[in-house]
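Only one structure is covered here, and it is reproduced in the block below.
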Amino acid sequence: MAVLAVGMRLGSLPVFLLAGIIAGAGAGVLFKSAVGHVADTAASAQRGEALAGLFFASYLGLAVLPVSLGIASRSMSLTDATTWFTVVVLALLAAVAVRTSRHGPGTAAETPSTLRRRS
């Protein structure tokens with residue numbers, strides 16, 4: 001993401017394309033890892049539901065964030081909107097990284113079904 005913002009600021013097509021390659025590879029690895037993790041940790045009876053939730057969240061991110069970027073670019077330059085977009089995404093990723101490092105990657109919030117399984 002940072003390379004994308006730098007490529008936009010510099011107006012450099014090679015840097016922008018490099019950012020696309022890096023981001024695409026990272027997104028592919030992340031999504032494959034997420035599908036594997038959800039499939040491994042979900043109970044077999046809820047596996048389809050869990051994967052549907054993952055796909056829903058993924059499609060939501062693929063739709064909402066770019067539309068928001070387009071809306072933001074109506075009130076500021078596309079370069080500034082992309083820079084803010086990058087800052088927000090990196091802040092969210094940092095928050096997830098901190099939470100994961102403290103609680104572990106498989107830790108879910110307490111729900112009635114997880115409480116019932118424990119007792």
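The values are calculated or read from the model by the stated rules, or taken from the named source; none is laboratory data. Small disclaimer: the values here were computed from a predicted structure and weren't measured. We place every Cβ from the backbone using ideal geometry, glycine too, and count neighbours over all the protein chains shown. Keep in mind that these areas ignore ligands, DNA and RNA; they rest on the heavy atoms of the full protein, side chains included. Shrake-Rupley method; radii C 1.70, N 1.55, O 1.52, S 1.80 Å.
Numbers for the structure displayed
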read-out	value
Accessible carbon and sulfur surface of the chain relative to its total accessible area, %, 1.4 Å	71
Average accessible area per residue (Å²) across the chain - probe 1.4 Å, nucleic acids and ligands excluded	73
Dipole magnitude of the chain about its Cα centre (Cβ charges: Lys, Arg +1; Asp, Glu -1), debye to nearest 20	280
Furthest towards positive pole of dipole, S12, F85, S44, structure part the chain, Cβ charges	S44
Heavy-atom SASA rank of R47, R99, R9 (probe 1.4 Å, accessible area, largest first)	R9, R99, R47
Pairs of Cα atoms farther than 26 Å apart, the chain, %	35
